[in-house]
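This report refers to the structure that appears directly beneath it.
The values are calculated or read from the model by the stated rules, or taken from the named source; none is laboratory data. These figures come from a predicted structure and were not determined experimentally. Glycine gets a Cβ as well: all are built from the backbone with ideal geometry, and neighbour counts include every protein chain shown. Note: accessible area is taken over every heavy atom of the protein model, side chains too, but ligands, DNA and RNA are not part of it. Shrake-Rupley method; radii C 1.70, N 1.55, O 1.52, S 1.80 Å.
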Amino acid sequence: MKLFAKTTMTAAMAALLLSGCGGGSDSTEDSYESGLPENLTLSFIDAASPQYFSLNTDDDSVTDLNELAAASGDSSVQKLALNDTSVLGSIFYWPDFRVVDGEKKLDGKYLVMKPDYVAGDAIDSTKFVQLVHFHGTELAAHSADEFEAPEEGSNKALAMERLNAYVTEQNELKEEIAEVLPEDQTLCRAYVDPYLKFELEQDTAAETTEEATEDEAHDHGDLMHFALTKSGRVYFYKEGENGLESAQGFVVLDDVEQIENCERTTIARSSEDGVLIFVPDSQSLYLVDSHGADYHQHSQWSVPEVLQNDGLYLDMMAVLGEGAEHDHEESEEE
């Protein structure tokens, strides 16, 4: 599979592939512009190397995280290093909502999980290698042993409680979506936008106060539920009176015949209009979004291309950041 990806996929996707309602790129000897949604940090792992990179989509700058860790004098940055291929299984994204200065905020994090972790199981320090998030403006990591037998009531103990509450929430989401998928489809990845979900929950809380009026109420069924299946289809559902209901037809991702390892796929927010999807089998990133109309595959990128390194085979990706700001004028035009 990796030999196929490094030969035919590199040849077939030597340039950035775009479809749908526009977009573009500009690649020269001196500069490269991917056209990826801005305000995101993408982390990629080549599990066979292991090579470990981050990509800043604002300027398409690529950082070798292993080199960064080796050169840093900061212990939290040093802990980013990945040196043992035997402990690399998958990536688990965690939108950690925590209280900062009295205000509840989303602190996006991801965990590099060990191969023996079974998706949906509770997570403890034996199940992952590192927990990564931003320390200020720089990526940094906590090693798993920092969370071994944390003292009850400590920040680390509370963090693990929040993490496993999210695992439970994700299990419920997967079960809910699997029940409504067509019988010939197998669920790979289920997703709802954590930022929009948080906003809707805040709105719900506000609507229970005396100040709220009917005009201020929001339709909480508008939260889109995305489902990626093993066949490379993306389905869309919304909450109805009797559970999830189909919101539109499905989208077929280009160059995906069958997904071999669902736990190594990723769906993440690109903006409030859509999602960014990574499928290792095609070595591609997909932008699936809508502009007041149906969701569609807007763009496709070769991952080695955006990392400007055709020799890579990327097994995993994590996404941190809120993504591109919503442009209402552009949405109306498109």
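Counting only residues 5 or more places away or on other chains, whose amide H sits under 5 Å from the amide H of residue 79 once H atoms are built in the peptide plane?
It is 141, by chain and number.
Could you tell me whether region 129-201 comes out rounded, prolate or oblate from its Cα gyration tensor? Rule is a ≥ b ≥ c as square roots of the eigenvalues, rounded for a/c under 1.5, then prolate if a/b exceeds b/c, otherwise oblate.
Details: a/c = 2.16, a/b = 1.93, b/c = 1.12.
Prolate, since a/c reaches 1.5 and a/b exceeds b/c.
Place the peptides 71-77, 289-295 in order of packing, highest mean first, counting for every residue the other Cβ atoms within 10 Å and averaging per peptide.
Working: 71-77: 12.9, 289-295: 16.0.
Result, highest mean first: 289-295, 71-77.
With a ≥ b ≥ c the root eigenvalues of the C-alpha gyration tensor of region 31-179, is it rounded (a/c under 1.5), prolate (a/b larger than b/c) or oblate?
rounded
Where only protein heavy atoms count, and the probe is 1.4 Å, what is the accessible area per residue for region 72-141 in Å²?
Result: 46 Å² of accessible area for each residue.
Report, by chain and number, residues whose modeled amide H sits under 5 Å from the one on residue 91, excluding near sequence neighbours (fewer than 5 apart, same chain).
Under 5 Å from the amide H of residue 91: 113.
For residue 178 and residue 138 in one chain, what is 0.36 nm times their gap in residues minus the Cα-Cα distance, to one decimal in nm?
Here the segment from residue 178 to residue 138 would lengthen by 10.7 nm.
Report the label-to-label distance for residue 56 and residue 198 in nanometres (one decimal), using points 7 Å from each Cα along the Cα→Cβ vector.
Distance between the two pseudo-spin positions: 2.2 nm.
For residue 97, enumerate residues with amide H under 5 Å from its amide H, sequence gap 5+ or separate chain, H modeled in the peptide plane.
Those lying under 5 Å, H to H, from residue 97 are 107.
What net charge do the residues around residue 173 carry, taking every other residue with its C-beta under 14 Å from that of residue 173, with Lys and Arg at +1 and Asp and Glu at -1?
Surrounding charge for residue 173 is -3.
Can you send over the carbon and sulfur percentage of the accessible area for region 94-184, probe radius 1.4 Å, protein chains only?
45
Using per-residue counts of other Cβ atoms within 10 Å, averaged over each peptide, order 90-99, 222-231 from highest down.
Working: 90-99: 18.1, 222-231: 20.0.
Going by the mean number of other Cβ atoms within 10 Å, highest first, we get 222-231, 90-99.
What is the gain in length, in nm to one decimal, between residue 260 and residue 157 on full extension, counting 0.36 nm per residue of separation less the C-alpha to C-alpha distance?
Values: separation 103, 0.36 × 103 = 37.08 nm, distance 3.49 nm.
Once the chain is fully extended between residue 260 and residue 157, it gains 33.6 nm.
Convert each backbone phi in region 127-136 into a coupling constant with the Karplus relation 6.51 cos²θ - 1.76 cosθ + 1.60 (shift: θ = phi - 60°), then list the ³J(HN,Hα) values in order as whole Hz, x for Gly and Pro.
Values per residue, Gly and Pro as x: 9, 9, 9, 8, 10, 10, 7, 7, 9, x Hz.
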